[in-house]
1. Show the residue pairs that are 6+ apart or on different chains and have beta-carbon atoms under 7 Å apart, the first residue being within segment 139-152 and away from the ligand (no atom under 12 Å from the Cβ) and assigned to a helix (DSSP H, G or I), the second being modelled with pLDDT of 95 or more and not aliphatic (A, V, I, L, M).
2. Any residue in segment 268-275 that is within 18 Å of residue 26 (Cα to Cα), assigned to a helix (DSSP H, G or I) and small (Gly, Ala, Ser)?
3. Kindly indicate whether residue 116 is in contact with a helix residue (DSSP H, G or I) (Cβ under 9 Å, 6 or more places away or on another chain) and not β-branched (Val, Ile, Thr).
4. Only one of 37, 41, 120 is in contact (Cβ under 8 Å) with a residue 40 or more places away in the chain, in contact with a Cys (Cβ under 9 Å, 6 or more places away or on another chain) and within 16 Å of the ligand (Cβ to nearest atom); which?
5. For residue 38, state whether it is surrounded by fewer than 19 Cβ atoms within 10 Å (Cβ to Cβ) and not small (Gly, Ala, Ser).
6. In segment 1-21, what count of residues is obtained for those that are crowded, with 17+ Cβ neighbours inside 10 Å and more than 21 Å from the chain's Cα centre (by Cα)?
7. Out of the residues in segment 103-117 meeting the condition of being closer than 13 Å to residue 283 by Cβ and touching a residue at least 24 places away in the same chain (Cβ under 8 Å), tell me which one is surrounded by the most Cβ atoms within 10 Å (Cβ to Cβ).
8. Among the listed residues 15, 5, identify the single one that is away from the ligand (no atom under 16 Å from the Cβ), under 17 Å from residue 279 (Cα atoms) and touching a residue at least 12 places away in the same chain (Cβ under 8 Å).
Amino acid sequence: MSAKIISGTEVAKQIREEIKAEVQELKAKYGSVPGLVTILVGENPASVSYVTAKQKTAKELGFYSIQDNQPEDITEEQLLALIDKYNKDEKIHGILVQLPLPKHINETKVLYAIDPDKDVDAFHPVNVGKLVIGEAVFKPCTPAGIQELLIRGGVEISGAEVVVVGRSNIVGKPIANMLLQKAKGANATVTVVHTGTKDIAAHTRRADILIVAAGKPKAITADMVKEGAAVIDVGVNRIGVTPEGKAKLAGDVDFDAVKEKASLITPVPGGVGPMTITMLMKNTLEAFKYSLKNK
Ligand code: GUN
């Protein structure tokens, strides 16, 4: 079997068109648009490029958007005051503080300061709790992108054996919780394997849907995959430099070998990555709609 390669770039484009159309409709009806602020502390090059991409997408979709750059030496108190200002700003529906933060700032304290109704990253414990009990308003962006790719890729999730490789708070734990809910696009039997698992391959070989967020190139080889499985590769590993001087990326899955065995596979780059920013925009739109309901 040679797998269908599902392009996150294409699916993300389609979802962005849907968001853009809905923003236009809501603007005509209510005279306002979703507002997103991205707060960047310091000048970490990777963070600058992520935040720039988020802002560019927000503008393309017709959002009101603010890029708030703060110096590396901003105090925790000043950053908390800034978040408080945006919590109270009626034009802002989504607040994103780009991580990592400088060492002198307590990241947890900062993330907990964001109004849960504006927490479009879905990192606040209130939103994590809502996700676990099946009441999520916002789903964290990368897991939401994975779920959307499975649904739009025509993968049957209900009743499937899902194996998640990796237990991070950003990907592994939330996607496992999302897919086990009794809900549309979920209702799966979910196993999470991690560095403490005795025989990872024994689990991955059972998977109808294999989601890999291990943070290690070629963590998943063809012998670890069931014939016909749907394989979602969340890994982004820098494995060298292209002749143009750009970072050469690879996922966590041995793509060339596994694609001969899987029924569906996501590439790296161009798979889960492009979906993440798009789901951030979807969450901002949801936050905006929620604010309209509560006016
Ligand atoms: N840094 C890297 N990825 C993310 C993300 O999804 N959200 C935030 N806030 N910071 C990040």
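1. 147/185; 149/8; 149/266; 151/185
2. So far as segment 268-275 goes, no, none of its residues is within 18 Å of residue 26 (Cα to Cα), assigned to a helix (DSSP H, G or I) and small (Gly, Ala, Ser).
3. Working: in contact with a helix residue (DSSP H, G or I) (Cβ under 9 Å, 6 or more places away or on another chain): yes; not β-branched (Val, Ile, Thr): yes.
Spelling it out, residue 116 is indeed in contact with a helix residue (DSSP H, G or I) (Cβ under 9 Å, 6 or more places away or on another chain) and not β-branched (Val, Ile, Thr).
4. Values: 37 fails: in contact with a Cys (Cβ under 9 Å, 6 or more places away or on another chain); 41 fails: in contact with a Cys (Cβ under 9 Å, 6 or more places away or on another chain).
The match here is 120.
5. No: the conditions fail for residue 38.
6. Going through segment 1-21 one residue at a time, the tally reaches 1.
7. Initial filter on segment 103-117 (closer than 13 Å to residue 283 by Cβ): 114, 116-117.
Now drop any that are not touching a residue at least 24 places away in the same chain (Cβ under 8 Å), which leaves 114, 117.
Working: 114: 24, 117: 19.
Among those residues, the one meeting the criterion is 114.
8. Numbers: 5 fails: under 17 Å from residue 279 (Cα atoms).
Only one candidate qualifies: 15.
The values are calculated or read from the model by the stated rules, or taken from the named source; none is laboratory data. All values reported here derive from a predicted model rather than from experimental measurement. Glycine also receives a Cβ, built like all others from the backbone with ideal geometry; neighbour counts cover every protein chain displayed.
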